[in-house]
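Structure first, commentary second.
The values are calculated or read from the model by the stated rules, or taken from the named source; none is laboratory data. Since the model is a prediction, treat every value here as computed from it, not as a measurement. Cβ placement follows ideal geometry from the backbone for every residue including glycine, while neighbour counts extend to all protein chains displayed. Side chains included, ligands, DNA and RNA excluded: accessible areas come from the protein's heavy atoms. Shrake-Rupley method; radii C 1.70, N 1.55, O 1.52, S 1.80 Å.
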Amino acid sequence: MITIANPIYDSVFKFMMQDIRVAKIFLQNLLNCTIEELVVKNNEIITIEIDNLKLSKLDYSARIVQDNGEKTLVTIELQRAFEKTEVMRFRKYIGEQYISSENCFKNTIVVNNQKKVIDEPIPIIAIYLLGHNLDNIKQAIIKSKIDFVDYQNKPIKGYQSESFIKGLIHNLIIVQIKRLPEKPKTKVEEILSVFKQDNPKTENSKQLLDILDYDNNSDEYKTIVNCLVKAITNKNVRKRMELEDILRREIELNEETNKLNFAVGLEKGRKEGLEEGLEKGLEKGLEKGREEERTKAQQEKLEMAKKMKIMNMTFEQISVVTGLSIDEIKKLQ
């Protein structure tokens with residue numbers, strides 16, 4: 001048995017996918033092709049935002065080898081999501097990729113017997129790893145297949161070589177992590193199985209996972225697992241994992257507070273409504289419930305800030321996460 005850092009965490013995922021050897025294994029198996037060259041273009045640093053914890057987006061420039069031996073330069077956009085509402089974030093990033101000058105190359109063409117340099121689009125491949133399930137699709141791995149037909153629905157050949165068309169479409173791969181099979185049957189399922197959450201190291205923490213069947217897997221799988229073992233000893237990764245847990249807990253607390261406010265207010269309103277009238281009683285009960293929960297939430301923030309000070313986080317970072325003022329944070333013991 002081997003223990004790994006959980007790649008479901010943003011910091012661990014980024015550590016893993018910035019390792020070019022690991023990224024190449026991961027992407028080659030998903031794309032089912034050979035990647036001759038792979039470069040990380042940029043990556044989005046985790047955004048501290050209480051109501052909407054943003055996750056990493058990694059972009060790669062890759063030269064892939066087609067089945068016929070042809071080499072193609074592509075942009076690969078890799079993202080993860082755990083909420084169904086994040087589809088608009090994906091649309092935004094895809095839009096940015098389409099208009100980015102980094103996703104074009106200069107090409108010389110002849111127009112009216114004169115040479116002209118124009119921007120040609122680089123094909124985009126978008127890969128999404130979902131922590132939630134799509135409602136109507138049971139397959140764990142989904143790939144788009146784009147075909148063009150004429151007005152009589154007859155297939156059209158040759159569109160793959162038309163830069164005008166390639167510049168207006170992109171290929172799509174979606175992985176539903178929760179729908180991955182218990183026992184992998186294919187190489188790509190084996191690679192993706194590192195994301196499965198079946199064996200947390202402890203009941204109270206998801207930061208570490210146990211890999212139970214390491215020896216019987218492929219060398220490529222072991223390369224990825226060994227990278228995730230290294231992530232455990234990386235101080236920055238572990239610190240970011242702690243921060244992610246704090247942020248997610250804050251999100252959960254906000255949701256719980258909202259639900260509790262309603263329940264407490266409704267109950268108190270019902271009781272007081274017998275004497276003061278339902279409408280006035282509900283309002284008064286809701287306000288009392290809110291006040292009690294505000295006090296409780298403030299105490300939670302103070303406790304959270306104390307823990308973050310122990311983690312040597314800056315006053316500014318603690319203030320952004322908790323909403324406390326820097327003066328309030330400095331006074332904490």
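The strands (runs of 3 or more DSSP E) found entirely in region 116-217 that carry 2 or more residues being surrounded by 11 or more Cβ atoms within 10 Å (Cβ to Cβ) and modelled with pLDDT of 90 or more are 124-130, 141-143, 171-176, 205-211. Here LYS201 meets each of (1) touching a residue at least 40 places away in the same chain (Cβ under 8 Å); (2) closer than 27 Å to PRO123 by Cβ; (3) more than 20 Å from the chain's Cα centre (by Cα) with one exception, condition (2). Checking each residue of region 159-166 against the condition of being of a type in the set (Val, Ile, Thr) and in contact with a helix residue (DSSP H, G or I) (Cβ under 6 Å, 6 or more places away or on another chain) gives at least one match.
Picking from residues in region 116-151 that are closer than 22 Å to ASN103 by Cα and without any contact (Cβ under 8 Å) to a residue 24 or more places away in the chain, the one that is farthest from the chain's Cα centre (by Cα) is LYS116. The residues listed here are PHE195, PHE164, PHE148; of these, the one that is aromatic (Phe, Trp, Tyr) and in contact with a Pro (Cβ under 7 Å, 6 or more places away or on another chain) is PHE195. Would you check if LYS296 is open to solvent by 40 Å² or more (accessible area, probe 1.4 Å), closer than 30 Å to MET16 by Cα, assigned to a helix (DSSP H, G or I) and at pLDDT 75 or above? No: the conditions fail for LYS296.
Among the residues here, THR233 qualifies as loosely packed, with under 15 Cβ neighbours inside 10 Å, at pLDDT 85 or above and among the β-branched types (Val, Ile, Thr).
Here's the yes/no breakdown for (1) assigned to a helix (DSSP H, G or I); (2) modelled with pLDDT of 90 or more; (3) in contact with a Ser or Thr (Cβ under 6 Å, 6 or more places away or on another chain):
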site	(1), (2), (3)
PRO7	no, yes, no
PHE15	yes, yes, no
ILE35	no, yes, no
LYS41	no, no, yes
GLU49	no, no, no
LEU58	no, no, no
ALA62	no, yes, no
VAL74	no, yes, no
